[in-house]
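The values are calculated or read from the model by the stated rules, or taken from the named source; none is laboratory data. Since this is a predicted model, take the numbers as computed values, not measurements. Here the Cβ positions follow ideal geometry from the backbone for every residue, glycine too, while neighbour counts run over all protein chains shown. Each accessible area value is taken on the protein alone, full model and side chains, heavy atoms only, with ligands, DNA and RNA left out. Shrake-Rupley method; radii C 1.70, N 1.55, O 1.52, S 1.80 Å.
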Amino acid sequence: MHGPAMSGWLLVALCGVTSAYCLLWMRSGPAQERGTARGEALMGLGMAAMAVPAAVFAPPAWSWAVYAAVFGGAALRALWWTRGGLRNAPHAHHLIGSVAMVYMAVAMAPGPAGSAGHAGHGAVSAGGVPLLTGALLTYYAVYVLRVGARLVPVATVAGATNSGPAPSAGVLYWGARPELALACRLSMALAMLTMLLSL
């Protein structure tokens, strides 16, 4: 990714903080949520590393291959977990995110003339493959709107009771607040949208 240094640093901070939250969630949350938190932490760390401004740290020519291998593996893992159908929607989202990261890593690949793709996009033309870039941008735009709408407070009817399970007394973990998890997903989707726009 390239662009103004300030926006790069803001993305690094946003993705780094989100990843740190996901690591805390993974460590203290219930077992069934740890896999999702692990995938989101990996995505946040990878996005933070990709967003570091090239003027501060020029990644080695081989870094794109490391990103592609790590997120290719993450995509295969997410593909394995999505075989359960719609009930595994978070894994389908991780699959799309991992594919997007592999796509951006390939866009960073050195070109035939040996110039780093980070500065000139090398193997993939500037802007990537328009159809794939457009599809990913559309997915993330819809995802941001959908998750953002879920964060909007809803007025409660007087006398209505909460039908969800009551929290256990004394048991509080980092993922216990669903709005924090949604805010993390929203911020990472916005960061992905920004990174895709900069291709």
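Tally up the residues in the stretch 17-42 that are small (Gly, Ala, Ser), open to solvent by less than 30 Å² (accessible area, probe 1.4 Å) and part of a helix (DSSP H, G or I), please. So the answer is 5. For the stretch 121-141, the count of residues that are farther than 30 Å from Met108 by Cβ, modelled with pLDDT under 60, loosely packed, with under 12 Cβ neighbours inside 10 Å and not acidic (Asp, Glu) is zero.
Please verify whether Pro59 is in contact with a Phe, Trp or Tyr (Cβ under 7 Å, 6 or more places away or on another chain), more than 27 Å from Leu182 (Cβ to Cβ) and in contact (Cβ under 8 Å) with a residue 24 or more places away in the chain, treating the condition exactly as stated. The answer is no for Pro59.
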